[in-house]
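First the structure, in the form of structure tokens, and then the observations on it.
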Amino acid sequence: MKRVQKLLFLFLVFIPLVQLFAWPGMPLPALHVEGKNLKDPCGKNVLLHGVAITPSPWFNGCSYNQCRWDNYNVQGCLNYNNALMDALTDTNNGWKLNYIRLHIDPYWTNTPGCSAAENDISCFDYNRLVTYVNQVIVPLINHARSRGLYVVLRPPGVCPKRIAYGDNYHNYLRKVWGYLSNHPSLKNVDNVMFEIANEPIEILGTNGNWGATGDEHFAALHNYFQDLVNIIKGNGANNVCWIPGTGYQSHYQGYPNHLITGGNIGYAVHVYPGYWGANAENTTSFNNAWNANVQPIANVAPIMITETDWSPSGAETWGTGTTSGFGLNMKGRIDATGNCSWNLLAPEGLITKADPYNVTTAFNNDWESCGAPVKQWFSVYANSNIPSQICSNTSPLINNGVYEIEFKTNSNKVLDLKYGTNANGTVMRPWDKSGATAQQWIAIDAGNGYWRFKSNASATGRVIDLDSADPTNGKSIRLWDSYSNDAQKWLVTDVGNGYYSIKSALNTSKGWDISNCNMDGTANLQLWDYYGTSCQLFKFNKIGNTSRSAEQNNVLINTDVQVYPNPSKGGEFNIYFASQSEENYSLAIYSIEGRPLYETKNLKSNTNQVIRAKLARGIYVAMISQNSTKITKKIIIE
């Protein structure tokens, strides 16, 4: 479907959101890490399969004297690489990829005329990074989205042979990720993930010695990459981050003792014939090497192979090997591991000369080279482990049902609005069951397994809210005015035996928690990394229903409001409010986090109104108020 069809959707206050998607069966909900798996919003395990794309002349044909574009021709670059994505998502031709690994090649970020190897940052120009992320990378990501492709974004270049905490390359990555993780077209964008660096080889260990595989080297890797993840998370970006290992991304055995923290963390692996000194054609040798170097991290976190390929001659691939040997050995380990996504090194590994205009399977469809088998394998993989946007409802809740929320830690304790105070910022705590309205919560179905919880003690309809829409550990979960944003939306997941986890839509690896499982009422409800402890599990005890409909609560669904165009450019759009009342109405626009950004009053109903809000690109919630009636509408600014 065309991109406009994907964007023109209805947002209803009490009706689930439905999206249209480009790639058959391949929606693009934001993914998250839970335990050792990559998961969709419905809690289903997801595996991705794709190819790496590098938008530079050398990797776009010049390496074999068939340059598709050159001379910093932005449009030529976009035309060619968009065509590649089109070809490799053409399901009618058997191609079923669902992600790309996208390299911000130094061709764009280095000063023109300045010569440097790919692992040399001396020619890096920050201003060019900014310019060409906007002109090249973001448009490619947008096209990937239209084709149903996730994107794993890689920073410019590769690591030098040796890295150390605080060295020039570390500072370079700090600067790059500081910018990328705060970019509005990358930060928390549903189809964008980050690969933090490419192919470290050795690191200065915490004992002062260079190396790759000692515990002191993994401790140093932790310090090095945790610092970068902290920068990304500090910018409020919750994108999944993929962390490399040493030895050209082949060593991970010490990471389980030095895990990177912060939520949504996986590990990016490279696998080529000959890695680890193993005989890649021999199953036992390959399996032993994989089990020693990769499996330890795969036991505790999702992994993604972001580089691999093979052919018997090695003439057009980085790796030399056969499908009967290396290919099947690697696939066997991938499938047995169960949490490994993977992509080939380059489009040339799939289609001949990476020609998107005359597509044939690479290597003359020779099964012993990577093209033909990977095409078939990816097609089979596409039948399962793909993301879902619409979740089956296994929740114990019914819309507008009234519930006590009981703690597993102590079945006599329920979630209580402190002193029953109907005020913004009132905290919640465990308290003895009393049957008071301060312990009663109205469940509002927000769709796809998500719910909002309105206090039955609030005459103004206030709801459970995450403080400042900030998913940092320890943030207060409190009562606040209802804005129907993600800070007030909670994923309810069945964990068995009648208990449920309740996680934030802003970061589904974090959920409701009571510090130290303290049930005496002095510890308030907070957000914390989800571990499945008893003070993070809850039971819903239904105590009644509320018959109040949306209309009876003076909140109407948005069919009475027309906003067009939607999406709009620059925040200029028309609004038409059909109302039986002659009273004027007001319009307020909020960020998705609930911050007020624009307000205008005394608008006439049943009349077209031109709004010039001058808003940045993004998604917003418009609220129309007329007397006690409120109507919400989602608007998109491009």
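The requirement of being closer than 30 Å to Val495 by Cβ, modelled with pLDDT under 95 and buried (at least 20 other Cβ atoms within 10 Å of the Cβ) is satisfied by His32.
The set of residues from region 318-340 being open to solvent by less than 20 Å² (accessible area, probe 1.4 Å) and not in a helix (DSSP H, G or I) comprises Gly319, Gly321, Asn339, Cys340. Residue check: Ser56 meets all listed conditions (1) open to solvent by 60 Å² or more (accessible area, probe 1.4 Å); (2) within 16 Å of Asn198 (Cβ to Cβ); (3) among the polar types (S, T, N, Q) but one, namely (1).
The residues listed here are Pro373, Pro356; of these, the one that is in contact with a Gly (Cβ under 8 Å, 6 or more places away or on another chain) and either closer than 22 Å to Tyr275 by Cα or outside any strand (DSSP E or B) (or both) is Pro373. The condition (being more than 22 Å from Lys375 (Cα to Cα), open to solvent by less than 10 Å² (accessible area, probe 1.4 Å), touching a residue at least 12 places away in the same chain (Cβ under 8 Å) and hydrophobic (A, V, I, L, M, F, W, C)) is satisfied by just one residue among Leu140, Leu48, Leu149: Leu140. Filtering region 271-282 to residues that are open to solvent by 70 Å² or more (accessible area, probe 1.4 Å) and either over 23 Å from Ala346 (Cβ atoms) or among the small types (Gly, Ala, Ser) (or both) leaves Gly277, Asn279. State yes or no: is Leu78 surrounded by fewer than 20 Cβ atoms within 10 Å (Cβ to Cβ) and assigned to a helix (DSSP H, G or I)? So Leu78 fits the description; yes.
In region 224-252, the residues that are over 22 Å from Ala289 (Cα atoms) and assigned to a loop (DSSP other than H, G, I, E, B) reach residues that are open to solvent by less than 10 Å² (accessible area, probe 1.4 Å) and among the β-branched types (Val, Ile, Thr) with C-beta atoms within less than 8 angstrom, at least six apart or across chains, in these pairs: Asn239/Val192; Asn239/Ile232. The set of residues in region 449-488 being of a type in the set (Gly, Ala, Ser) and under 22 Å from Ile635 (Cα atoms) consists of Ser468, Ala469, Ser482, Ser484, Ala487. Taking every residue in region 105-123 that is farther than 17 Å from Glu199 by Cα and pairing it with any residue that is of a type in the set (Lys, Arg) and open to solvent by 20 Å² or more (accessible area, probe 1.4 Å), at least 6 positions away or on another chain, the pairs with Cβ-Cβ distances below 7 Å are Trp108/Arg128; Thr109/Arg128. Among the residues of region 352-374, those that are in contact with a strand residue (DSSP E or B) (Cβ under 6 Å, 6 or more places away or on another chain) and either surrounded by fewer than 19 Cβ atoms within 10 Å (Cβ to Cβ) or under 18 Å from Ala83 (Cα atoms) (or both) comprise Val359, Ala362, Ala372.
Beta carbons closer than 6 Å, at least 6 apart along the sequence or on distinct chains, pair a first residue in region 264-281 that is over 13 Å from Gly319 (Cα atoms) and touching a residue at least 24 places away in the same chain (Cβ under 8 Å) with a second that is among the charged types (D, E, K, R) and crowded, with 19+ Cβ neighbours inside 10 Å for Ala268/Glu195. Just wondering, is there one or more residues in region 254-261 that are open to solvent by 40 Å² or more (accessible area, probe 1.4 Å) and either in contact with an Asp or Glu (Cβ under 7 Å, 6 or more places away or on another chain) or of a type in the set (Phe, Trp, Tyr) (or both)? Yes, that holds for at least one residue. Can you find even one residue in region 299-310 that is among the aromatic types (Phe, Trp, Tyr), closer than 16 Å to Gln376 by Cα and in a strand (DSSP E or B)? The answer is no, given that none of the residues of region 299-310 is among the aromatic types (Phe, Trp, Tyr), closer than 16 Å to Gln376 by Cα and in a strand (DSSP E or B). Residues that are open to solvent by 40 Å² or more (accessible area, probe 1.4 Å) and within 14 Å of Asn566 (Cβ to Cβ) within region 611-623 comprise Arg617, Ile619, listed in sequence order.
When region 201-216 is filtered for residues that are out of contact with any Gly (no Cβ under 7 Å at 6 or more places or on another chain) and open to solvent by less than 30 Å² (accessible area, probe 1.4 Å), only Ile203 remains. Scanning region 296-334 for residues that are in contact with a strand residue (DSSP E or B) (Cβ under 6 Å, 6 or more places away or on another chain) and within 26 Å of Glu34 (Cβ to Cβ) turns up Ile297, Ala301, Pro302, Ile303, Met304, Ile305, Thr306, Glu307, Ile334.
Among the residues of region 341-351, not a single one is modelled with pLDDT of 95 or more, surrounded by fewer than 19 Cβ atoms within 10 Å (Cβ to Cβ) and part of a helix (DSSP H, G or I).
The values are calculated or read from the model by the stated rules, or taken from the named source; none is laboratory data. Worth saying up front: this structure is predicted, and the values here are computed from it rather than measured. Glycine also receives a Cβ, built like all others from the backbone with ideal geometry; neighbour counts cover every protein chain displayed. Only protein heavy atoms, including side chains, enter the accessible area calculation; ligands, DNA and RNA are left aside. Shrake-Rupley method; radii C 1.70, N 1.55, O 1.52, S 1.80 Å.
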